[in-house]
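Just below is one structure, and these are the notes that go with it.
Just so it is clear, none of the values below were taken in a lab; they were calculated from the coordinates. Fair warning: this is a prediction, and the values are worked out from it, not measured in the lab. Neighbour counts are summed over all protein chains in view; Cβ atoms, including those assigned to glycine, are modelled from backbone coordinates with ideal geometry.
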Amino acid sequence: MEENVNKIEISLPEIDHSASEAFRLVRTSLLYTGASKVIAITSCLPDEGKTVVATQLAAQFATLGKKVLLIDCDLRKPKIKKMLDIKGNYNGLSEALSSQTDFSIYSTNVDKLYLMLAGKIPPNSSELISNGRMEKMLKVLRDKFDYIIIDTPPIVGAVDIQIIGTMVEGVVLVFRSGYVKMAMAKKIIRQLERNDIRIVGAVLNGVKKYDKDYYYYYYEY
Ligand SMILES: Nc1ncnc2c1ncn2[C@@H]1O[C@H](COP(=O)(O)OP(=O)(O)O)[C@@H](O)[C@H]1O
Ligand SMILES: [Mg+2]
């Protein structure tokens with residue numbers, strides 16, 4: 001597979017230092033608690049920093065010499081392509097799950113960092129990820145990488161993480177500071193635990209650049 005993968009140029013965005021310390025902590029705890037190698041990154045709401053955390057965490061593992069696959073499994077609002085400033089169109093997860101293509105994995109200019117982009121936005125992402133192919137695909141890929149980091153949609157409003165959560169060894173929850181009420185966070189954690197989804201880490205993303213939309217979102221809940 002990766003012997004003949006195509007390479008794409010990526011560029012990692014600058015991130016606010018408030019979160020980078022947390023990335024290091026999560027990375028270290030994931031490294032030393034062992035078992036988890038297939039990890040999904042999620043959060044309660046949109047814009048909490050899931051995609052930032054997923055890309056940075058993947059890049060950090062790669063920097064440590066680990067072979068990492070970053071998968072964009074937010075088939076509703078895929079953002080990895082844009083966040084990594086990738087030009088052009090590439091097949092990705094959605095084509096692989098609808099069996100239009102074999103898995104499209106790309107190597108990058110960051111040594112040891114591989115990518116599976118989202119591909120075309122499908123009409124029904126939760127159906128696609130629960131059709132059995134995702135689980136099979138992860139079983140094959142887990143032996144080819146040291147870590148697989150999966151970016152996912154937010155928990156509120158989509159069932160996707162409840163499905164993906166059962167296929168991974170752990171979930172990292174991202175909380176954007178001042179964004180989600182404690183009661184909601186607790187409810188979400190209980191819901192994941194009820195579905196036997198293991199939370200292996202949490203990142204408090206301290207970015208404070210709220211715009212008006214963020215406030216509206218916050219008060220809705
Ligand atoms: N720690 C951070 N430093 C800089 N920008 C951030 C940080 N966290 C989030 N952002 C910015 O906030 C926006 C939402 O982040 P994103 O990771 O796309 O959220 P999500 O994936 O949870 O929807 C993006 O524009 C992102 O660049
Ligand atoms: Mg995202």
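Details
- Cβ-placed point charges (K, R +1; D, E -1), dipole of region 2-220 about Cα centre in debye, nearest 20: 360
- Excluding exposed DSSP-loop trypsin sites (Lys or Arg not before Pro) (at most 12 other C-beta within 10 Å), longest clean stretch of the chain: 88-180
- A full extension of the chain between R133 and I189 corresponds to an added length of 17.5 nm, given 0.36 nm per residue minus the alpha carbon distance.
- Build a GNM of the chain with springs between Cα atoms under 10 Å apart, and of P46, P13, P154 the one that fluctuates most is P13.
- With only Cα atoms counted, region 2-220 has Rg and Dmax values of 16.2, 50 Å.
- For region 2-220, with +1 on Lys and Arg beta carbons and -1 on Asp and Glu, the positive-most of T166, L12, L204 along the dipole: L204
- Sites E14 and S107, calculated FRET efficiency, Cβ-Cβ separation with R0 30 Å, nearest 0.05: 0.80
- Gaussian network model of the chain, Cα within-10 Å springs - most flexible of G178, G157, G88: G88
- In order through region 78-93: 3J(HN,Hα) via Karplus (6.51 cos²θ - 1.76 cosθ + 1.60), integer Hz, x for Gly, Pro: x, 10, 5, 4, 5, 4, 8, 6, 8, 9, x, 10, 9, 5, x, 4
- Computed FRET value (nearest 0.05) for V5 with R198, which takes r as the C-beta separation and R₀ as 25 Å: 0.25
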